[in-house]
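In what follows, a structure is listed as structure tokens, so that the remarks can point back to it.
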């Protein structure tokens with residue numbers, strides 16, 4: 001039974017359209033970015049839920065994330081100013097990981113941008129940055145004087161991830177999902193409606209993120225998915241360890257307004273035409289860092305002993321601090337600890353032996369390539 005304290009605490013938080021679904025499946029609810037979100041479900045361990053996604057299919061509620069629509073004569077110009085992405089060169093119904101940039105080249109947020117048509121984009125940003133991002137969009141649009149319409153999209157956003165994801169979703173639609181490759185999307189007939197289905201996710205596995213713009217249909221869709229025995233609902237605990245194994249950044253940990261795409265090893269999001277036109281926020285500083293190759297770098301580490309946690313000191317062979325862990329966890333897939341942190345370039349080389357201070361003791365660590373686990377994406 002859930003106590004009165006639980007209900008009073010949760011009542012103060014925002015709810016996604018799947019809140020009742022989480023309670024029905026006995027989710028352990030926590031405060032995440034101001035939303036009541038499941039960290040685990042009853043009779044589920046973190047490791048078991050993580051492994052389920054790697055082996056079968058997991059359903060994640062990501063409705064707390066912010067879905068946007070940008071359209072109008074200046075939509076491409078606007079987004080190409082506040083991000084370094086080559087959106088002119090993006091084909092319709094393809095997407096790119098990108099970053100919102102401040103005037104110094106720091107990362108305001110990371111985002112997925114999907115181009116639906118010329119000057120029409122579907123954009124997803126992080127829940128924890130919601131208020132900051134909305135203010136940023138308003139300020140930048142005013143500064144640039146652009147003709148852009150910005151709409152927020154309601155309803156649910158559901159991520160189905162894992163090697164069985166395509167088989168599961170295919171049973172619910174006549175649309176041939178093989179027509180959607182990694183990084184592509186389409187409007188697909190599902191449960192009597194037509195919804196945006198994007199192939200990708202935050203786990204390193206094949207999967208889909210489905211935007212269901214009706215709250216009741218979101219709940220119906222979630223229930224339909226878990227009727228398949230290959231699917232289990234999965235919470236935040238596994239979501240974090242899965243993305244860490246996949247070498248993916250978490251805003252507020254690996255990414256902040258003081259970190260540039262160069263330091264974050266996201267230089268690849270800067271399109272070649274953008275490096276030439278230099279017409280995006282912070283271009284001067286970012287391109288300078290790209291040329292000089294002197295910034296610290298986001299680096300992967302594998303360690304032994306207790307799992308490293310955010311804030312742990314990274315030490316060199318002399319015991320001097322050279323960095324800080326930004327994310328760390330046991331890797332259920334590999335059976336050893338993995339972590340990320342920022343290191344000087346001379347140390348950010350695969351095989352460099354370091355240590356991580358845990359509970360006052362240095363524990364051996366070795367710089368490792370990322371992703372730690374080989375991605376399993378579907379490409380046409």
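The values are calculated or read from the model by the stated rules, or taken from the named source; none is laboratory data. This is a predicted model, so every value here is computed, not measured. Counting neighbours? That spans all protein chains shown, and the Cβs are built from the backbone with ideal geometry, glycine included.
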*Specify which of the listed residues (283, 307, 238, 264) is assigned by TED's automatic domain parsing to the domain that holds residue 338 and buried (at least 17 other Cβ atoms within 10 Å of the Cβ).*
307
*For residue 7, all conditions in the list (1) more than 22 Å from residue 214 (Cα to Cα); (2) at pLDDT 95 or above hold save one; what is the number of the exception?*
(2)
*Qualifying position, being in contact (Cβ under 8 Å) with a residue 40 or more places away in the chain, buried (at least 21 other Cβ atoms within 10 Å of the Cβ) and over 16 Å from the mean Cα position of the chain (by Cα), among 60, 93, 70*: 70
*asked:* Looking at the range 211-254 only, could you name the residues that are over 18 Å from residue 66 (Cβ atoms) and assigned to a strand (DSSP E or B)?
replied: 231, 232, 233
*Name the one entry in 195, 202 that is touching a helix residue (DSSP H, G or I) at 6+ places or on another chain (Cβ under 9 Å) and under 28 Å from residue 343 (Cα atoms).*
202
*Could you pull out the residue among 43, 24, 48 that is surrounded by fewer than 22 Cβ atoms within 10 Å (Cβ to Cβ), more than 19 Å from the chain's Cα centre (by Cα), at pLDDT 95 or above and more than 26 Å from residue 155 (Cβ to Cβ)?*
48
*Could you tell me which numbered condition residue 79 fails, if it satisfies all but one of (1) touching a strand residue (DSSP E or B) at 6+ places or on another chain (Cβ under 7 Å); (2) more than 17 Å from residue 116 (Cα to Cα); (3) buried (at least 18 other Cβ atoms within 10 Å of the Cβ)?*
(2)
*Just checking, which of 102, 119 is in contact with a helix residue (DSSP H, G or I) (Cβ under 6 Å, 6 or more places away or on another chain), surrounded by fewer than 22 Cβ atoms within 10 Å (Cβ to Cβ), modelled with pLDDT of 95 or more and over 24 Å from residue 19 (Cβ atoms)?*
119
*Kindly indicate whether residue 208 is part of a helix (DSSP H, G or I), touching a residue at least 40 places away in the same chain (Cβ under 8 Å) and not assigned by TED's automatic domain parsing to the domain that holds residue 78.*
no
*Of all residues in the range 334-380, count the ones that are closer than 18 Å to residue 322 by Cα and surrounded by 12 or more Cβ atoms within 10 Å (Cβ to Cβ).*
23
*Tally the residues that are more than 22 Å from the chain's Cα centre (by Cα) and more than 26 Å from residue 92 (Cα to Cα), restricting the search to the range 114-167.*
3
*asked:* Can you list residue pairs whose Cβ atoms sit under 9 Å apart, with the first residue in the range 183-204 being assigned by TED's automatic domain parsing to the domain that holds residue 220 and under 24 Å from residue 250 (Cα atoms) and the second being surrounded by fewer than 24 Cβ atoms within 10 Å (Cβ to Cβ) and at pLDDT below 95? Count only pairs 6 or more apart in sequence or on different chains.
replied: 184/380
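Yes/no per residue for (1) in contact with a strand residue (DSSP E or B) (Cβ under 9 Å, 6 or more places away or on another chain); (2) at pLDDT 95 or above; (3) over 25 Å from residue 77 (Cβ atoms):
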position: 273; (1), (2), (3): no, yes, no
position: 292; (1), (2), (3): no, yes, yes
position: 297; (1), (2), (3): yes, yes, yes
position: 315; (1), (2), (3): yes, yes, yes
position: 354; (1), (2), (3): yes, yes, yes
position: 360; (1), (2), (3): no, yes, yes
position: 363; (1), (2), (3): yes, yes, yes
*For residue 111, indicate whether it is closer than 16 Å to residue 251 by Cα and without any contact (Cβ under 8 Å) to a residue 60 or more places away in the chain.*
yes
